[in-house]
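The values are calculated or read from the model by the stated rules, or taken from the named source; none is laboratory data. Everything quoted here is computed from the prediction, not taken from an experiment. Cβ placement follows ideal geometry from the backbone for every residue including glycine, while neighbour counts extend to all protein chains displayed.
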Amino acid sequence: MKRITEQPSNYRHLDKMSTEELLRNMNQEDKTVPHAVEKAIPFIIPLVDVIVDKMKKGGRLFYIGAGTSGRLGIVDASECPPTFGVPHDWVIGIISGGDSAIRKAVEFAEDSTSQSWKDLSEYLINKNDVVIGIAASGTTPYVVHGLTKCRAEGITTGCITCNPGSPMAEQSDFPIEVIVGPEFVTGSTRMKSGTAQKLVLNMISTSVMIGLGRVVDNKMVDMQLSNNKLVDRGTKMIQNELGISYSEAKDLLLKNGSVRAAIKDYKSVR
């Protein structure tokens, strides 16, 4: 396979550049990422559709990855409950090396060919679920072998990679290849590749949650009220929807615990 992510940077002598040159050149490279993601949209669509279908039937979405890719999966999964008010076991992020690897790299954890299936098995993974492997290279053993085992067990698989024709894509029912080209710092896939993966993850989880009815119009009506900012945001949503005072809207929100429930409660007695 052609490992574009390992090719030399388009820029030489970074250590001789001024701060402004570094920042402008990095920004120039970053501008190419959304265009690469755009080309992958036709491949993201069917994956989102199958996730929505399976989750409506009680399935779950899993992300598996190592290093930067694994951390991005965990970030996306962890943001779904507060944003959309869903249980923590609807979207699950797993990183090679376990939770300690979120903060500190665990040496050679990504090279395991058996641990990913063990990690997934702890969640009693089954055919109702969908597993997305995340690896810029598309060759990470932890991810590739996890997807291989999933397919053997009849579990739907997808992947997000930044190299074409990778082993990970071969083991995916729905491969997503976002070809962003060489990194600014040669091989540093936490940069453009990581940005591309983050964008795609945002697109997948947000589209899935909208498909599951967790957004009304353009509002996060099920968001968790975990701080004063979100209470204020929810209060204003209710105020605008129902045409009532701020104080009445806030009382409704705090009584019911969510924007959706507050609006339903108000309308049920009118």
Look at the stretch 138-165 and say how many of its residues are in contact (Cβ under 8 Å) with a residue 40 or more places away in the chain, touching a strand residue (DSSP E or B) at 6+ places or on another chain (Cβ under 6 Å) and surrounded by fewer than 24 Cβ atoms within 10 Å (Cβ to Cβ). 2
Filter pass, D222 being among the charged types (D, E, K, R) and either farther than 17 Å from G85 by Cβ or free of Cβ contacts under 8 Å to residues at least 24 places away in the same chain (or both): no
Is at least one residue of the stretch 134-151 closer than 22 Å to I51 by Cα, in contact with a Leu (Cβ under 9 Å, 6 or more places away or on another chain), assigned to a loop (DSSP other than H, G, I, E, B) and not acidic (D, E)? no
Tally up the residues in the stretch 1-29 that are farther than 11 Å from P182 by Cα and in a helix (DSSP H, G or I), please. 13
For the stretch 190-206, check the following and say yes or no: at least one residue is more than 17 Å from C80 (Cα to Cα), at pLDDT 95 or above and surrounded by fewer than 18 Cβ atoms within 10 Å (Cβ to Cβ). yes
Would you check if Y63 is assigned to a loop (DSSP other than H, G, I, E, B), in the same structural domain as W117 (by TED's automatic domain parsing), touching a helix residue (DSSP H, G or I) at 6+ places or on another chain (Cβ under 8 Å) and touching a residue at least 60 places away in the same chain (Cβ under 8 Å)? no
Of all residues in the stretch 98-137 being among the acidic types (D, E) and surrounded by 15 or more Cβ atoms within 10 Å (Cβ to Cβ), which is modelled with the lowest pLDDT? E110
Can you name the residue in the stretch 166-187 that is buried (at least 17 other Cβ atoms within 10 Å of the Cβ) and charged (D, E, K, R) and, of all such residues, is nearest to the chain's Cα centre (by Cα)? E177
Here are some residues: V86, V52. Which one is in a helix (DSSP H, G or I), touching a residue at least 40 places away in the same chain (Cβ under 8 Å) and under 30 Å from N126 (Cα atoms)? V52
Can you tell me which of (1) within 30 Å of V48 (Cα to Cα); (2) out of contact with any Ser or Thr (no Cβ under 7 Å at 6 or more places or on another chain); (3) not assigned by TED's automatic domain parsing to the domain that holds C80 is the one M220 doesn't meet? (2)
Given the conditions (1) more than 17 Å from I134 (Cα to Cα); (2) within 13 Å of the chain's Cα centre (by Cα), report the number of the one that I94 does not fulfil. (1)
Test result for G58, in contact (Cβ under 8 Å) with a residue 60 or more places away in the chain and either outside the structural domain of Y142 (by TED's automatic domain parsing) or at positive phi (or both): yes
